[in-house]
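Below is one structure, written out as structure tokens; the observations come after it.
The values are calculated or read from the model by the stated rules, or taken from the named source; none is laboratory data. Worth saying up front: this structure is predicted, and the values here are computed from it rather than measured. Cβ placement follows ideal geometry from the backbone for every residue including glycine, while neighbour counts extend to all protein chains displayed.
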């Protein structure tokens, strides 16, 4: 169980960092963002998270805001997995949780 939680937490952490990196590069690079290699890499990494955000968000939300939706959904899931991991470790015992 703890290994499943660790893997899921790691995937969410990578997604959060990639979304934050893409958002930062979006602001910093301006109009030349489409030719930026790292921005293109972040777009590839974030494609699954943006797809989930597109499915979860209503049609009234503008597609350019799907990045924000993906970031907040991923953040909430990361917090939920962290709390589940803490609860599991308390129930099993901290010594057995390593």
> If you check every pair at least six apart or on different chains, which have Cβ atoms under 7 Å apart with a residue in the stretch 48-72 that is free of Cβ contacts under 8 Å to residues at least 24 places away in the same chain first and a residue that is surrounded by 11 or more Cβ atoms within 10 Å (Cβ to Cβ) and not in a helix (DSSP H, G or I) second?
Replying inline: 66/57; 69/57; 69/61
> Tell me, which residue of the stretch 51-72 that is touching a helix residue (DSSP H, G or I) at 6+ places or on another chain (Cβ under 6 Å) and part of a helix (DSSP H, G or I) is surrounded by the fewest Cβ atoms within 10 Å (Cβ to Cβ)?
Replying inline: 54
> For residues in the stretch 73-83 being surrounded by 16 or more Cβ atoms within 10 Å (Cβ to Cβ) and touching a residue at least 40 places away in the same chain (Cβ under 8 Å), which is farthest from the chain's Cα centre (by Cα)?
Replying inline: 81
> Got at least one residue in the stretch 29-41 being surrounded by 14 or more Cβ atoms within 10 Å (Cβ to Cβ), in contact with a helix residue (DSSP H, G or I) (Cβ under 6 Å, 6 or more places away or on another chain), under 23 Å from residue 77 (Cβ atoms) and free of Cβ contacts under 8 Å to residues at least 60 places away in the same chain?
Replying inline: no
> Within the stretch 79-88, is there a residue that is closer than 23 Å to residue 22 by Cα and at pLDDT 90 or above?
Replying inline: yes
